[in-house]
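Just so it is clear, none of the values below were taken in a lab; they were calculated from the coordinates. Since the structure is predicted, the reported quantities are computational estimates derived from the model, not experimental observations. Cβ placement follows ideal geometry from the backbone for every residue including glycine, while neighbour counts extend to all protein chains displayed.
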Amino acid sequence: MAAVLATITIIVGNVGALGQSSLKRMLAYSGRRAGPGNMLAGVVVGNAARVQATVLYLIVYLAMNLAAFAVIVARERESSHADDISSLAGLGRSQPWLAWPMTIAMLSLAGIPATVGFIGSSS
């Protein structure tokens, strides 16, 4: 039953986040819905290695979300850009020191291979 709940939570959280145009709302929506599902999936297995992987995932997930929110807030404060997804257009050219942390955070939150988010979610 817990595995089914975890799966539904992950799917609903990620699909629901796709319709958001606000970066903060997108991160919050996927974090509140999909994050607990990913953690529950690690605990469902029940062995010590999976619980340790879940703790690693939680730490990485927190760090990557904080990095993404910090970039969004810094972008808002430095310019008149809102937190709309389209406000990230041209960030690499105008503020590469903000683009790199945002890129790494997003890739890690997506679980792309070679990022810590991938290691934490697949362990």
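The simple spin-label model puts a point 7 Å past each Cα toward its Cβ; for residue 95 and residue 110 those points are separated by 2.1 nm.
What FRET efficiency comes out for the pair residue 22/residue 48, r = Cβ-Cβ distance, R0 = 35 Å, nearest 0.05? My answer for the efficiency is 0.35.
Contour minus end-to-end for residue 79 and residue 14, with contour as 0.36 nm per residue of separation and end-to-end as the Cα-Cα distance?
20.5 nm
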